[in-house]
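K.L.:
Take a look at the following structure, please.
The values are calculated or read from the model by the stated rules, or taken from the named source; none is laboratory data. Quantities reported herein were computed from a predicted structural model and do not represent experimental measurements. Heads up, the Cβs are rebuilt from the backbone with ideal geometry, glycines too, and the neighbour counts pull from every protein chain shown. When the accessible area is computed, the model is the full protein with side chains, heavy atoms only, and any ligands, DNA or RNA have been set aside. Shrake-Rupley method; radii C 1.70, N 1.55, O 1.52, S 1.80 Å.
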Amino acid sequence: MATLTQPGASSAPKPRNEGLLAILGSIPLAIVFLTLVLTPLGLTLVLSFRPFDYSAGILPGHTFEHYLAVVTDSYFLEIFWRTFWIAGVTTLICVLIGAPEAYILSRMGKPWRSIFLLVVLSPLLISLVVRAFGWSMLLGPSGAIGKAAAALGLGPLLYTPTAVIIGLVHVMLPFMVIPVWTSLQKLDPTVEHAALSLNASRFQTLTRIVLPQAMPGILSGSLIVFGLSASSFAIPALLGGRRLKMVATVVYDEFLTELNWPLGAAIAIILLVVNVIIMMAYNRVVERSYRRSLG
């Protein structure tokens, strides 16, 4: 005898394996992350505690000698200070240029938006070394910018912090524009029009409506730019020269010139830890101010 089902009755839910499939799908990525990131980082950490002698090389055992040498030597402390203030200035300039550029880009029509987005991303298609050599020719004594600076009495630009900052801003600017532009995509232009129709000034509209919406992108872009600038090697090496040392170039010298791998590993670990601390503190401060602005 056939059984009748009520119209409102629903069939029993089928067991779902989305969670299991997600775990299985993440295993290859976890293996890649473990192999390419955590394993080298762990080996670098272990290497930083190994004793070293210039006549015998890396010795068995463990020591804190390299970390103490870095944190107590004014030479290394000056290099760390130079690295972080240059990274901070680079981040600030990228915010001042990239945020307005992203806002203008978000207000463009379809054809022009694609064209200017390609212009913003086009530097990423060129080798970093090629761009650095290009800036070295422009900033050198025979370059256009170098000659203009000499005519204005500014002195040489190449192999100075100014040259390094110019090169880093050129390299890092797309990493600021894209996150801010992505955040502004969520902002409805009619909200700005409504604010203007309620007699809000353009400055009030930008600070109270546009800026809070762009803050997550500015935060993400700032963290990316600061982290990449503080650990950059090619730009400081090519535009800063041998005398203007930054942390990445010192690590390079310790590994390949001095052959003191444990000291180079210790400097790299300290750079990573300090970089993470600075970025976490910056993240906390910006998030707190962002929540206050939203009430």
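K.L.:
Please turn the phi angles of region 186-196 into ³J(HN,Hα) values with the Karplus equation 6.51 cos²θ - 1.76 cosθ + 1.60 (θ = phi - 60°), one per residue in order, whole Hz, x for glycine and proline.
P.N.:
Couplings: 7, 8, 6, x, 5, 5, 5, 5, 5, 5, 5 Hz.
K.L.:
Something else now. Work out the length of the dipole vector of the chain about its Cα centre, built from +1 on the beta-carbon of each Lys and Arg and -1 on the beta-carbon of each Asp and Glu, and round it to the nearest 20 debye.
P.N.:
Values: 19 positive and 12 negative charges, 207 e Å.
The calculation lands at about 1000 debye.
K.L.:
Also, I was wondering about something else. From the phi angles alone, apply the Karplus equation (6.51, -1.76, 1.60; θ = phi - 60°) to region 105-120 and give each ³J(HN,Hα) in whole Hz, x where the residue is Gly or Pro.
P.N.:
5, 6, 9, 7, x, 4, x, 5, 4, 5, 5, 6, 5, 5, 5, 5
K.L.:
Per the 1.4 Å probe, what fraction of the accessible area of region 55-130, in percent, lies on carbon and sulfur atoms?
P.N.:
On the way: 3580 of 4750 Å².
Here carbon and sulfur together make up 75 percent of the probe-accessible area.
K.L.:
Among [x] 20.0; [y] 22.7; [z] 23.2, which one is Kirkwood radius over Cα pairs in Å computed from these coordinates?
P.N.:
Checking each listed value against the structure points to [z].
K.L.:
Further question: When only C-alpha pairs under 8 Å and at least 6 residues apart count, what is the relative contact order of region 155-224, in percent?
P.N.:
Relative contact order of region 155-224: 46 percent.
K.L.:
Can you work out the Karplus-derived ³J(HN,Hα) for every residue in region 256-264? Use 6.51 cos²θ - 1.76 cosθ + 1.60 with θ = phi - 60°, whole Hz, and x for glycine or proline.
P.N.:
Those phi angles translate into 9, 9, 7, 6, 8, 5, x, 5, x Hz.
K.L.:
Restricting to Cα pairs below 8 Å that are 6+ residues apart, what does the relative contact order work out to for the chain? Please round to a whole percent.
P.N.:
Relative contact order here is 25 percent.
K.L.:
Here's another thing I want to ask about it. Just from its helices, what would the mean residue ellipticity at 222 nm be for the chain, if runs of 4 or more DSSP H residues each count -39500 (n - 2.57) and the sum is divided by every residue, rounded to the nearest 500 deg cm²/dmol?
P.N.:
Using -39500 (n - 2.57) per qualifying helix, the result is -23000 deg cm²/dmol.
K.L.:
In terms of Cα to Cα distance under 17 Å, which aspartates and glutamates are near enough to LYS147, apart from those fewer than 8 places away along the same chain?
P.N.:
Partners within reach: none.
K.L.:
Right, another one. Leaving out ligands, DNA and RNA, what percent of the accessible area of region 173-213 is carbon and sulfur, probe 1.4 Å?
P.N.:
Of all accessible area on region 173-213, carbon and sulfur atoms account for 63 percent.
K.L.:
Further question on the same structure: Report, by chain and number, residues whose modeled amide H sits under 5 Å from the one on ILE58, excluding near sequence neighbours (fewer than 5 apart, same chain).
P.N.:
ASP53
K.L.:
Quick one: angle between helix 128-139 and the longest Cα principal axis of the chain, in degrees between 0 and 90, rounded to 10, please.
P.N.:
Roughly 60 degrees, rounded to the nearest 10.
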